[in-house]
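Single-structure report; data block below.
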Amino acid sequence: MMENREQPSFFIRYFGPLIFVLSAFGALLWFFFRAFYLLKQIGTVVVVFDKGSYYALGVGVGLMAIAFAGVQETWLQKPLTKRSTSIISKLAIAGVVLTFTVPHILHYASNSYLKNSGYSVCAEASHQWLFVRNIVYIQPSIECSADIKNK
């Protein structure tokens, strides 16, 4: 199949997959950084749950699937087999599913844990813009205010 197609330009062949690989690693790195940061905050007087960052897991998995296909076809000059196409398709679908489920599951789990640990939501310091939502949890020992998330 690849022999019948026109070869993409040098720029697309080498930098296209590279952009997807770097974007995938960036998204996955951001997801794990924010998850580690959330765990690190637990036990402090203020915990900020950045729900928007947890979409990055699904995005990273989906981009990694696209990157794998690009690398195999353009850098390695190997056509995608039925097996690799099946794996890439499943990874891409998993990426979409993770994008829409992980943030909500993590929000539910952390909300339950934090509320059971005595935290409450500080509405004045929390905010939402489109799908990006920062929820600020505080312990009862401090007063809720809009300036609290800067601590």
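The values are calculated or read from the model by the stated rules, or taken from the named source; none is laboratory data. On a predicted model such as this, the values are computed, not experimentally measured, just so you know. We place every Cβ from the backbone using ideal geometry, glycine too, and count neighbours over all the protein chains shown.
Pairs meeting the criteria (first residue in region 35-54 and closer than 22 Å to Ser145 by Cβ, second residue of a type in the set (Lys, Arg) and modelled with pLDDT of 95 or more, beta carbons under 8 Å, at least 6 apart or on different chains) are Asp50/Arg34. Does region 60-82 contain at least one residue that is within 23 Å of the chain's Cα centre (by Cα), among the hydroxyl-bearing types (Ser, Thr, Tyr) and either assigned to a helix (DSSP H, G or I) or more than 19 Å from Phe32 (Cα to Cα) (or both)? So far as region 60-82 goes, no, none of its residues is within 23 Å of the chain's Cα centre (by Cα), among the hydroxyl-bearing types (Ser, Thr, Tyr) and either assigned to a helix (DSSP H, G or I) or more than 19 Å from Phe32 (Cα to Cα) (or both). Taken residue by residue, region 8-28 has no member that is closer than 30 Å to Ile148 by Cα, modelled with pLDDT of 95 or more and either loosely packed, with under 13 Cβ neighbours inside 10 Å or of a type in the set (Val, Ile, Thr) (or both).
In region 83-119, which residues are outside any helix (DSSP H, G or I) and touching a strand residue (DSSP E or B) at 6+ places or on another chain (Cβ under 6 Å)? The one that is outside any helix (DSSP H, G or I) and touching a strand residue (DSSP E or B) at 6+ places or on another chain (Cβ under 6 Å): Tyr119.
Number of residues in region 114-151 that are aromatic (Phe, Trp, Tyr) and loosely packed, with under 12 Cβ neighbours inside 10 Å: the value is 2.
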